[in-house]
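This report refers to the structure that appears directly beneath it.
The values are calculated or read from the model by the stated rules, or taken from the named source; none is laboratory data. All values derive from a computational prediction rather than experimental measurement. Cβ atoms come from the backbone with ideal geometry, glycine included; neighbour counts cover every protein chain shown. Accessible surface is based on the protein model in full, side chains and every heavy atom, while ligands, DNA and RNA are left aside. Shrake-Rupley method; radii C 1.70, N 1.55, O 1.52, S 1.80 Å.
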Amino acid sequence: LKMAWLELYLPLHILLAACLCHSIKAPSTSSKQSFKTDLFNFYHSLILADGKETTIHLLKDIPKRYYFVLKESRVLLPFTITVTPCDVPIEWSILVHKASASFPGAETQGDHDTQEVSKSQKAPSMVSTIFNYKGNSVETYMGMSSHAALYMLEFLSTERDTHITVYLTTDTTSGHLYPELPTDPRIDVVGTGHTTVTLTWKHSPSVLQHRESIQYCLLVNEKHNYKSLCAAETAIRSSGMKLPPTLALSLSPYLLEPQQVMILSNSELSIISKASGGEVRQICMGTKNTYTVPNLSPSTQYYFDVFVVNLLTNASAAYTGAFARTLEEPEPKVVELKDGKVIQVVLDGKKQKFYSLQYQARHKKIQFTFQLCHGQVRVHITKNGKTVASENISGLRYFSLKGKLLDTYLVQLRSTEESNSSVKVQVSPHFHKPLFPLLPESLKIKSFSKLRTCSSVTIAWLGTQEESKYCVYKRRIEEDQIWRELQSTDRCSGPESRHKSEKVLCKYFYDLNLQRAVTTETIKGLSAGTLYLFDVYLFGPSGIPVRYHSKVVKTRKKC
């Protein structure tokens with residue numbers, strides 16, 4: 001390994017010394033200082049790998065130099081250099097020090113050596129800048145050379161610390177590291193809806209040649225387009241999200257952050273990330289070149305970037321980004337409420353939009369009734385455009401309102417959770433004929449630990465001053481089912497949704513003294529050391545049930 005290094009390093013050192021000698025006209029102090037400065041730059045440069053993508057970190061206002069050497073050849077040798085800025089614009093340039101047969105180190109003989117060297121020292125400098133660029137676009141320089149030459153690449157970031165990737169290759173016959181873009185690399189927006197945008201783009205030649213190792217990945221965000229995949233990843237990280245290093249190769253569950261959600265559907269892999277700058281979506285869809293982005297927000301501008309990714313080399317190329325604005329959301333449909341009629345509304349938690357109900361009063365006094373079935377719901381009621389009630393509801397909630405004949409009431413409902421919620425709604429002028437039964441102060445079921453046995457448990461619940469029917473149901477449950485059962489319970493569903501074998505008993509009771517309106521029940525015939533889920537249903541005069549909060553009790557294992 002040391003010998004290999006010396007074989008590479010010594011010719012470079014000699015070549016650089018020869019290049020520097022061309023610029024020395026006399027052994028003056030200034031020329032010596034220049035020589036030392038150039039040597040310093042040489043020793044503080046790094047060798048640029050051939051045929052490999054190199055990541056380079058740049059500090060603000062501090063230039064960084066890399067070099068490579070091309071040997072002398074009888075034919076023109078092609079080479080390419082591709083630089084990809086991953087954040088802010090940078091400045092970069094290519095300088096070349098060309099050598100000739102008259103340089104020290106070339107094969108010469110006798111006194112002719114001294115004469116040629118003397119001539120070369122008087123010759124003008126052969127150092128020149130052949131390319132420079134400033135910006136944040138991906139740039140590729142393609143060159144040809146038949147002379148032995150030392151190439152120097154210099155990079156500078158004047159805005160802030162950043163990083164870039166550089167790819168040098170002198171072998172243009174072994175294929176491309178980066179996937180090829182079509183002659184027209186634009187993304188076309190072929191359709192927009194309220195919550196969808198349909199995109200299409202021309203196939204990459206690399207996809208047609210290497211279908212198994214190439215795929216398309218789409219980035220969707222609300223800020224702007226990105227000119228490279230590493231620029232997109234850098235921006236996403238800086239917005240507060242941690243992103244796996246490569247979009248195409250890192251879409252695996254164990255790399256996800258808590259604020260990221262992965263979705264696998266129809267051979268498409270998506271990551272949805274939350275950040276202060278909005279939602280960022282990353283979708284890899286194989287080799288399909290048409291895609292409809294779903295679940296977007298109405299009346300919102302989105303930016304779309306497509307990257308064609310080589311799964312074997314981890315390299316990517318960016319199509320020209322596109323943007324589109326989704327259509328405005330249509331006015332929500334208003335449902336008319338009718339006296340005494342109960343309707344059940346299911347609210348979409350993801351969209352967080354209001355569901356509107358309207359009622360025109362035919363009486364001066366009316367009563368709205370809401371029974372929360374599942375989730376959490378916000379209720380907002382206006383009368384002739386003025387707010388009369390607004391709150392989050394739980395269980396059963398009544399709103400008694402006074403007004404004038406033909407007053408217009410608008411009820412707006414919204415889920416306050418990301419999951420769906422549902423609620424039953426009724427409006428009626430008949431206060432004396434309530435649809436729902438009179439409720440006790442609490443709908444909790446209590447169990448008595450000391451009264452538990454291996455085959456029985458005792459539960460209790462509150463009643464009311466009104467004689468009502470109560471039915472008890474039980475069901476065996478596993479430990480890992482408890483949370484899901486308690487969270488997904490539909491509190492509006494009645495015993496008709498239960499299996500007949502789950503019914504324990506039904507009973508009537510009431511007490512005019514609310515302090516004594518409590519009933520207990522001992523359920524027997526249970527298995528030892530087993531979890532049971534108990535439910536109590538209360539039926540009023542109308543027959544519509546109200547479900548108490550479910551209770552989980554475990555029988556004793558040993559008695």
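For segment 454-490, filtering for residues that are open to solvent by 60 Å² or more (accessible area, probe 1.4 Å) and not in a helix (DSSP H, G or I) leaves 7. Just one residue in the set Cys217, Cys230 is assigned to a strand (DSSP E or B) and either in the same structural domain as Val293 (by the TED database) or under 14 Å from the mean Cα position of the chain (by Cα) (or both); that residue is Cys217.
Apart from one condition, Gln465 fits all of (1) touching a helix residue (DSSP H, G or I) at 6+ places or on another chain (Cβ under 8 Å); (2) over 25 Å from Ile544 (Cβ atoms); the exception is (2). Note on segment 523-547: residues that are in contact (Cβ under 8 Å) with a residue 24 or more places away in the chain, more than 24 Å from Glu479 (Cβ to Cβ) and open to solvent by 30 Å² or more (accessible area, probe 1.4 Å) amount to 4. When Leu199, Leu181, Leu243, Leu177 are checked against the criterion of being modelled with pLDDT of 90 or more, buried (at least 17 other Cβ atoms within 10 Å of the Cβ) and outside any strand (DSSP E or B), Leu181 stands alone in meeting it. Against the numbered list (1) in contact with a Gly (Cβ under 9 Å, 6 or more places away or on another chain); (2) open to solvent by 40 Å² or more (accessible area, probe 1.4 Å); (3) over 30 Å from Thr198 (Cα atoms), Ser394 comes up short only at (1).
Filtered by the rule that a residue be polar (S, T, N, Q) and in a loop (DSSP other than H, G, I, E, B), segment 510-559 gives Asn513, Ser527, Thr530, Ser542, Ser550, Thr555.
Looking only at residues in segment 364-382 that are at pLDDT below 90 and assigned to a loop (DSSP other than H, G, I, E, B), the one that is surrounded by the fewest Cβ atoms within 10 Å (Cβ to Cβ) is Gln376. Just one of the listed residues (Tyr291, Tyr319) is modelled with pLDDT of 90 or more and under 20 Å from the mean Cα position of the chain (by Cα), and it is Tyr291. Suppose the filter is outside any strand (DSSP E or B) and surrounded by fewer than 18 Cβ atoms within 10 Å (Cβ to Cβ); does Lys507 pass it? No, not satisfied.
Flag not set for Gln352, criterion: in contact with a strand residue (DSSP E or B) (Cβ under 8 Å, 6 or more places away or on another chain), of a type outside the set (Ser, Thr, Tyr) and either within 30 Å of Pro437 (Cβ to Cβ) or assigned to a strand (DSSP E or B) (or both).
Of the residues making up segment 51-68, those that are part of a strand (DSSP E or B) and within 35 Å of the chain's Cα centre (by Cα) are Lys52, Glu53, Thr54, Thr55, Ile56, His57, Leu58, Lys60, Lys64. Apart from one condition, Lys350 fits all of (1) modelled with pLDDT under 85; (2) surrounded by 14 or more Cβ atoms within 10 Å (Cβ to Cβ); the exception is (2).
For segment 333-347, residues that are open to solvent by 70 Å² or more (accessible area, probe 1.4 Å) and either without any contact (Cβ under 8 Å) to a residue 60 or more places away in the chain or assigned to a loop (DSSP other than H, G, I, E, B) (or both) total 4.
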